[in-house]
Amino acid sequence: MGRAYRKSGFGKNNQRNNRQLKGVFELAKFVNRWIVNSISIYVIAWLFEGVAVKGFATAMSAALMLSVLNMLIRPVLIVLTLPINIMTLGIFTFILNGFMLKAVDFFVGGFMIDSFATAVLASVMLTFLNMAITGMTKPERRRR
């Protein structure tokens, strides 16, 4: 049984291939989220007067910076503000997202948000646009 198992390709090589495939899928999900965020930021700039983006390339830069900040800073902020977030039933998350958008405004030239209130409203809109676009692009799962 052991030899047939090794010869059939289900050993260590297959596990390595599975890890490589998982990495490819994670990268594809990141690129998909980046594109969806870029489209959402561009639409928000079109909808809100207080948000300005020079072009789609700037929206892509802003979305990439937002992704980096969300990976590095957001987990710490979520833990630090957990009591407030629990008391507000999660609504404080939009304020954190507004803070993140203002940080992107600081780092990315050509992406401007007038005020913190506009950033919070834009974060709410960004959340709903991302949900809508992801819902439209996500393939349906078949039920068995």
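Going by how many other beta carbons lie within 10 Å of each one, how would you line up 125, 131, fewest first? Write out the running numbers ahead of the final one.
Details: 125 17, 131 12.
By the 10 Å Cβ count, ascending, the order reads 131, 125.
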By average C-beta atoms within 10 angstrom, highest first, the peptides 66-75, 27-36
66-75, 27-36
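Taking all pairs of distinct Cα atoms, average 1/r, flip it, and tell me the Kirkwood hydrodynamic radius of segment 34-137 in Å to one decimal place. Please list the in-between numbers first.
Working: mean 1/r = 0.0730 Å⁻¹.
Its Kirkwood hydrodynamic radius stands at 13.7 Å.
Read the figures in this text as sums done on the coordinates, not as results from a lab. Nothing here was measured: the structure is a model prediction, and the numbers come from that model. Cβ atoms come from the backbone with ideal geometry, glycine included; neighbour counts cover every protein chain shown.
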